[in-house]
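See below for the structure under consideration.
The values are calculated or read from the model by the stated rules, or taken from the named source; none is laboratory data. What you are looking at is a predicted structure, and each value in this text was computed from that prediction instead of being measured. Here the Cβ positions follow ideal geometry from the backbone for every residue, glycine too, while neighbour counts run over all protein chains shown.
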Amino acid sequence: MRLPLIATLLICLITLSYRTHAQDIPNKEQQIQAAVMAAPEDKRAEATVLGFDAEGKVVTLREGSNNMVCLGDDPDSPGFSTACYHKDLEPFMARGRVLKAEGKSPQEVFDIREEEAKSGKLSMPEAPTTLHILSGKEGKFNAQSGEVDNANYRYVVYIPFATAESTGLPESPIIPGGPWIMDPGTHRAHIMISPPAQE
């Protein structure tokens, strides 16, 4: 008698959890509207947009026609964070998402992509490519205004295997918001530009 009852309760809990999670995920239009806020204004209308389905999996919400890919805010992560990046970065980004979904740690993700980039298995951009990020610990998309509240921009320019010597950049910012190179000499070498937070 107890086994069917336990099974029924488990099914109810799973169903309730699924419905609650689905309710937490904005609809397609809202996800697109929020995601493209990280892109330069002239790139928003034609950008490809990736978002989340009812199960929280990354899906393509809109096929674009320009060189920009935008990833919506993850409903399972606190705060707000969207990113738009050059399409040549998609293999790198997609590989990271797969490895993260497999339960790999950040260091494991880095090491695996480093090895694959060096071997040529993972395609990396041949030219500098930019990632635009709009995020905030207290950030939230305001569906009524169509704006993101309590979020700030930062920019990342990927230059695989670049170094401080090859770019002339420091390995830490000289002034607040100043550019510097992070992960120099690796597949993930990139210029960090973090403008001071707006009041």
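Worth a mention:
- Remark: pairs (first residue in the stretch 177-189, on the phi > 0 side of the Ramachandran plot and surrounded by fewer than 18 Cβ atoms within 10 Å (Cβ to Cβ); second residue at pLDDT 95 or above and polar (S, T, N, Q); Cβ separation under 8 Å; 6+ apart in sequence or on different chains) = GLY185/THR163.
- Residues in the stretch 118-165 that are closer than 15 Å to VAL36 by Cα, crowded, with 19+ Cβ neighbours inside 10 Å and free of Cβ contacts under 8 Å to residues at least 40 places away in the same chain: there are none.
- For ARG113, the requirement of being assigned to a helix (DSSP H, G or I), at pLDDT 90 or above, touching a Leu at 6+ places or on another chain (Cβ under 9 Å) and more than 17 Å from CYS84 (Cα to Cα) is met.
- Qualifying residues in the stretch 54-89 (those that are out of contact with any Lys or Arg (no Cβ under 9 Å at 6 or more places or on another chain) and part of a strand (DSSP E or B)) - the one surrounded by the fewest Cβ atoms within 10 Å (Cβ to Cβ): THR60
- Index of the failed condition, MET68 passing every other in (1) modelled with pLDDT under 95; (2) in contact with a Pro (Cβ under 9 Å, 6 or more places away or on another chain); (3) hydrophobic (A, V, I, L, M, F, W, C); (4) under 30 Å from HIS190 (Cα atoms): (1)
- Considering residues of the stretch 166-176 that are part of a loop (DSSP other than H, G, I, E, B) and in contact (Cβ under 8 Å) with a residue 12 or more places away in the chain only, the residue surrounded by the most Cβ atoms within 10 Å (Cβ to Cβ): LEU169
- Restricting the stretch 190-199 to residues that are in a loop (DSSP other than H, G, I, E, B) and in contact with a Lys or Arg (Cβ under 8 Å, 6 or more places away or on another chain), the residue that is surrounded by the fewest Cβ atoms within 10 Å (Cβ to Cβ): PRO195
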